Amino acid sequence: MPFDPADYQEWWTYTHAVYNFSIMLPEEWSVDETTASDPFMNGHVLMLHPRLQGEGTEGLLIRMTFRSTGEDNLLWPTGVGAGDFIQQGTLNVAVQPARRIFLCVPPGR
């Protein structure tokens with residue numbers, strides 16, 4: 001979908017200090033860099049959620065896992081390694097369309 005900056009004027013940008021990617025979030029959302037019990041996942045998980053829970057936001061949470069191309073970290077909970085990222089349409093996040101991307105791995109991995 002075309003990007004219209006006017007749709008995101010009230011949003012803020014989170015930039016990951018190590019992996020240098022950015023995502024835009026509504027101003028009432030926050031990002032928690034999660035430390036997992038699995039040391040291989042530390043630094044590879046973000047939790048995106050509304051700052052305050054209220055009507056319509058109860059339990060609203062997006063867990064985002066990531067790695068660099070060629071990096072051998074497994075993406076929990078699938079435990080998969082290498083694969084291809086494939087775009088599969090969009091989904092709405094905070095009433096805005098977001099690209100939906102899946103990690104597709106060879107059978108048996």
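Between GLN96 and TYR19, what is 0.36 nm times their sequence separation minus the Cα-Cα distance? Round to one decimal in nm.
Working: separation 77, 0.36 × 77 = 27.72 nm, distance 2.45 nm.
So the chain would gain 25.3 nm between GLN96 and TYR19.
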Compute the distance in nm between two label points, each set 7 Å from the Cα along the Cα-to-Cβ direction, one at PHE66 and one at ILE86. 2.3 nm
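Read the figures in this text as sums done on the coordinates, not as results from a lab. Quick caveat: nothing in here was measured; it's all calculated off a predicted structure. As a convention, Cβ positions derive from the backbone with ideal geometry for all residues, glycine included, and neighbour counts pool all protein chains shown.
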